[in-house]
Structures are given as C-alpha cells and as structure tokens.
1. Only counting other Cβ atoms within 10 Å, I'd like 104, 139, 196, 202 sorted with the fewest neighbours first.
2. Between residue 280 and residue 161, take the C-beta separation as r, use R0 = 25 Å, and let me know the FRET efficiency to the nearest 0.05.
3. Can you tell me the FRET efficiency between residue 190 and residue 70 if r is taken as the Cβ-Cβ distance and R0 is 35 Å, rounded to the nearest 0.05?
4. Return, for the Cα atoms of region 93-248, the radius of gyration and Dmax in Å, separated by a comma.
5. For a Förster distance of 25 Å, can you work out the FRET efficiency between the beta-carbons of residue 199 and residue 301, rounded to the nearest 0.05?
6. So for each of 236-248, 153-165, 283-295 I average, over its residues, the number of other beta carbons within 10 Å; can you give me the resulting order with the highest mean first?
7. Within 10 Å, count the other beta carbons around each residue, average over each peptide in 65-76, 208-219, and list them highest first.
8. Note down the nm distance, to one decimal, between modelled labels 7 Å out along Cα→Cβ at residue 96 and at residue 178.
C-alpha cells in the first residue's frame, strides 16, 4: 500500500504511512482484541447495573418538554462531539468515529477512568489504517483536557472566592487551599515538561485547547438550561452560577463527599431543598441510564464490526 502525505497544523508536510508498517500487524490485531474485550466487559457491567436501577423514585420528574431532551442531548454529546472535531482535524476521522468516542466516554464513567482512552487507542489502531502512532495524539488530547480543566478550575475558584471565603458554602478553607496546590503543581509540571510530553504541532495543540475550553463552557450552559427547564421558578442566571460551582466542586481534588457539598451549596443559594435533591437524583439516574443504553448499543456494534476488521 503506498505511502500518503498530509499537512500538519503548522502547515508543514507530514508523512503518514500505513499503520501495519509502523506498528506491525500483530500489534494491530492485539489492539483490536483489547477493544473487543473492553466492549464485552462493558456489556456485562451494563446488564448488572440495569438490574439495580429503580426509576420509581424519579419517574414523576421525567420532563415532557421536548426542549429538555434536546438540551440533554447537547449536554451529553458535548464531550464526544468536541473530541470528534479534534480527531477530525488530526486524523480526518469519519463520522463513524463518534461512536468510538461515545463508547470511550461510557467506559471511563462506568468501568474505569482512562480505560476508555486505552480502548479508543485500540479502536484507532485497528480501524484507522493510515493513522501513524495514534498513542501520541490521544496522549496529547488527554493531557490538554486535564490542563485546560485545571486552568478553568483556577478561574472558577477566583470568581467564587468571595463565597468560599465567607464560609457559608461549607467548604473548608484548608481543603480548598490544598486542592488548589495540587491543581497548581500538576499544571506547572505539565507546562515545565511540555516539550517532552507533547508530540503534536503547536497549532494543533492550540486548537485542541480551544475546543476543550469551548466544551467546558458548553457543559456549564447546557447544565444550567436543563435544570431551569425542570425547575423554572429558579432564574437561569442562578442556575448558571450553580452549574459553575458544581463544576468547580467536581474538579477540586481531595474534596470529600462532593455530592453532599454541592447539595449544601444548592440549598444555601437557591432554597427549595426538596426540589433540588429530587432534581439531582433524577439527573444522576438519567445520566446513568443513558450511559448504560449508549454503552450497550455501541459495545454490541463494536463486537459485530470487529469481524469485518482484518
């Protein structure tokens, strides 16, 4: 099969050769087998967790407004779609790759963190024949996601500091400062060793960072919009503040009982303690059910499609 050339993000010619030549047919086959094994594990976990779900407690809160479900779809797809745009630029990934990214999301959420990246690597090796060494690109995208998330956390922390410092949110100052130190240290280490850590061109790295930042903003907006559609008596502006604080709480390391902390913040800022608790329970169940359905669907499709990959 002939070699093909392409252009990198900085305009320089980039040589791309068949994956089998770069990494070997045996490695490609093993990567495909690994992806299949993760898909099988995903199906098993989906079957187990479906048996433990009871929708009776939240069935009364299921919205009938079609707009809610469109907004929820935007919220759920924000991560996979943003990554598809990234890999579309890097690899000319077809639309079918969106399914692999959705499966990556579900694997990370209900199996094991970063197992989805490993499975996605196996998928890329087995199916994207002209992507040379996909590990480097996946590594850069993952590291930049953490780095941009750290900077977003710092920005949100500065914005919310008056509330945190007042002590009214129930956040212990010492824990917040230690978490802040962890965020700063990890960000500094990444920036210090960036030349050794990153393999992609500088223009590609900036593009990836911009997409990650847009994804974070989209998640905050979609979260606030969803909650407002369920509890319209709370102003949209307050929901945006709540969505921002929720993301801040979720991203602070070393903070125990994050759900409890966020629930306390919600009750303090909004009141409606019963409604807020029911809303968060409903959203948690809805998100889990969606993960299970999406995971089962794409894991089954992956196993079926694996027979066609040689």
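None of the figures in this text is laboratory data; all of them are computed from the coordinates on show. Remember, it's a predicted structure, so these values are computed and weren't measured experimentally. All Cβ positions, even for glycine, are placed from backbone atoms using ideal geometry, and neighbour counts span all protein chains on display.
1. On the way: 104 25, 139 16, 196 7, 202 11.
Least crowded to most crowded, the residues run 196, 202, 139, 104.
2. Given R0 = 25 Å and the Cβ-Cβ separation, E is 0.55.
3. On the way: r = 36 Å, r/R0 = 1.03.
Once rounded, the FRET efficiency stands at 0.45.
4. Just the Cα atoms of region 93-248 yield Rg and Dmax of 18.4, 56 Å.
5. Numbers: r = 30 Å, r/R0 = 1.22.
About 0.25, to the nearest 0.05.
6. Numbers: 236-248: 19.0, 153-165: 14.8, 283-295: 17.5.
Descending mean neighbour count gives 236-248, 283-295, 153-165.
7. Working: 65-76: 15.3, 208-219: 18.3.
With the highest mean Cβ count within 10 Å placed first, the list reads 208-219, 65-76.
8. With each label placed 7 Å out from Cα toward Cβ, I get 4.9 nm.
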